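A.B. asks: The structure under discussion is supplied below as structure tokens; questions concerning it will follow.
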Amino acid sequence: MAPLSAIPADVRCARDYERLAADALDPAVLAYLAGGAGDEITLLRNCQAFEQATVIPRVLRRVDSGHTRLTLGGRERPHPIFLAPVAHQALFHPRGELDTARGAAATETGLVCSTLSSFTLEEIAAVAGPDRWFQLYAQPWWAATLDLVRRAEAAGYAAIVLTVDAPVQAPSLRAQRAGFRPEAAAAANLQAYPAAPARTLAAGQSRILQGMMAEAPGWDDLDRLIAATTLPVWVKGVMHPDDAVAALARGAAGVIVSNHGGRALDGAPASLSVLPRIRAAVGEGASVLLDSGVGSGSDVFKALALGADAVLVGRLQACSLSVAGALGVGHMIKLLREELELCMALAGCATLADIRKVEVAAC
Ligand code: FNR
């Protein structure tokens with residue numbers, strides 16, 4: 001189905017875009033988007049964790065001077081919702097990341113542009129609003145990694161988000177079974193860089209450990225990256241309190257608690273369920289974002305109550321893009337924000353700081 005040029009009439013909540021995307025997308029692309037790693041245990045856990053967390057209504061409180069503003073990453077923001085880095089968006093809409101960026105700009109939403117975007121980071125920057133960060137996958141050659149960073153700096157991205165949880169990507173069985181062809185997905189930013197060095201494995205060596213993981217980044221690469229740029233560096237894909245503490249101690253601007261939307265280590269817990277321990281370990285002053293499973297404004301509320309400063313949305317972004325392009329992305333954010341405000345009103349919270357004081361029964 002061709003993407004719509006208007007907001008569909010039957011969208012009542014942000015999650016409705018998931019339902020409509022199922023009709024808009026080719027089945028193999030839908031499987032790539034919706035699927036998770038392995039048996040999709042973590043994918044399911046992410047959703048269950050949000051479902052099981054409960055919010056107790058509080059009554060007769062005044063919230064009429066309330067708002068959803070926050071200051072994060074050196075910027076005052078109208079709401080705590082970001083667009084997560086999502087690769088290969090031309091699979092979902094012919095204008096891909098360009099329309100996502102327009103939807104983000106119209107709603108003053110932080111945009112995190114993937115290394116693996118269908119359009120170049122410069123093309124995206126040309127249509128994006130000022131609130132844009134660049135997500136970095138370390139490349140097999142440091143020179144290429146550094147070149148991406150320099151390009152992001154030159155194109156006005158305000159932060160680097162180093163993704164560390166998928167040095168080797170577990171293939172989605174759902175996507176494979178649906179006939180998704182990874183080669184259909186181009187990465188415009190990487191066209192100019194040489195391929196990874198060819199490796200010949202000795203007898204008994206592992207295709208994964210000595211092969212695919214040979215060029216994977218380590219803690220020393222985080223140090224090298226932080227030293228190489230004046231931009232703040234966030235670390236995305238942190239699930240253990242010790243890793244969060246270590247990243248911040250090395251100079252990261254903040255951490256993103258994430259299991260890659262259930263697309264990396266299958267069997268990992270829900271990101272929401274590890275969030276309270278991570279917040280307790282890093283302290284109140286540290287910047288902590290969360291993604292993986294956010295599908296409604298009440299999910300945003302629960303994540304904030306359990307310790308996140310803000311959240312990112314991945315699949316929902318791609319679903320809204322596939323249905324109605326920039327309009328869909330902007331509309332989805334508007335709905336999420338209103339759902340958050342509704343939850344705040346009924347839970348008696350006037351501000352995001354009030355949400356942090358709410359006791360949410362975690363999963
Ligand atoms: C992703 N994600 C991702 N993350 C990243 O750091 N770089 C990337 O290029 C991608 N690409 C990507 C493609 C697709 C199709 C999906 C669904 C996800 C992970 C993403 O940033 C985020 O962590 C999850 O999507 C969050 O979970 P939800 O919101 O999809 O449940």
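The values are calculated or read from the model by the stated rules, or taken from the named source; none is laboratory data. Not measured: the values here are computed from a predicted model. Here the Cβ positions follow ideal geometry from the backbone for every residue, glycine too, while neighbour counts run over all protein chains shown. These accessible areas exclude ligands, DNA and RNA; they are computed on the full protein's heavy atoms, side chains included. Shrake-Rupley method; radii C 1.70, N 1.55, O 1.52, S 1.80 Å.
A.B. asks: Could you check, for the stretch 63-77, whether at least one of its residues is out of contact with any Lys or Arg (no Cβ under 6 Å at 6 or more places or on another chain), within 16 Å of the ligand (Cβ to nearest atom), in contact (Cβ under 8 Å) with a residue 12 or more places away in the chain and open to solvent by less than 10 Å² (accessible area, probe 1.4 Å)?
C.D. replies: no
A.B. asks: What residue, among those in the stretch 304-318 that are open to solvent by less than 10 Å² (accessible area, probe 1.4 Å) and touching a Gly at 6+ places or on another chain (Cβ under 9 Å), is farthest from residue 270 (Cα to Cα)?
C.D. replies: Among those that are open to solvent by less than 10 Å² (accessible area, probe 1.4 Å) and touching a Gly at 6+ places or on another chain (Cβ under 9 Å), it is 317.
A.B. asks: Among 261, 293, 285, 237, which is the only one that is in contact with a Cys (Cβ under 9 Å, 6 or more places away or on another chain), at pLDDT 95 or above and under 30 Å from residue 335 (Cα atoms)?
C.D. replies: Every option except 293 fails the conditions.
A.B. asks: Right, here's the next one. Could you count how many residues in the stretch 78-107 are open to solvent by 20 Å² or more (accessible area, probe 1.4 Å) and either of a type in the set (D, E, K, R) or touching a Lys or Arg at 6+ places or on another chain (Cβ under 7 Å) (or both)?
C.D. replies: Of the residues in the stretch 78-107, 4 are open to solvent by 20 Å² or more (accessible area, probe 1.4 Å) and either of a type in the set (D, E, K, R) or touching a Lys or Arg at 6+ places or on another chain (Cβ under 7 Å) (or both).
A.B. asks: Check 138, 126, 152 and return the single one that is more than 11 Å from the ligand (Cβ to nearest atom), part of a loop (DSSP other than H, G, I, E, B) and within 27 Å of residue 74 (Cα to Cα).
C.D. replies: Exactly one residue qualifies, and that residue is 138.
A.B. asks: Another question, then. Go through the stretch 108-119 and give me each residue that's under 24 Å from residue 256 (Cα atoms) and either among the aromatic types (Phe, Trp, Tyr) or surrounded by fewer than 20 Cβ atoms within 10 Å (Cβ to Cβ) (or both).
C.D. replies: Filtering the stretch 108-119 down to residues under 24 Å from residue 256 (Cα atoms) leaves 108-118.
If the condition is that a residue be under 24 Å from residue 256 (Cα atoms) and either among the aromatic types (Phe, Trp, Tyr) or surrounded by fewer than 20 Cβ atoms within 10 Å (Cβ to Cβ) (or both), then 108, 116 are the ones that fit.
A.B. asks: Still on this structure, I have one more. So if I check each of 149, 161, which one is β-branched (Val, Ile, Thr), open to solvent by less than 20 Å² (accessible area, probe 1.4 Å) and touching a Ser or Thr at 6+ places or on another chain (Cβ under 6 Å)?
C.D. replies: 149
A.B. asks: Another question, if that's okay. Can you list the strands (runs of 3 or more DSSP E) found entirely within the stretch 1-111 that contain at least 3 residues being closer than 20 Å to residue 332 by Cα, acidic (Asp, Glu) and modelled with pLDDT under 95?
C.D. replies: none
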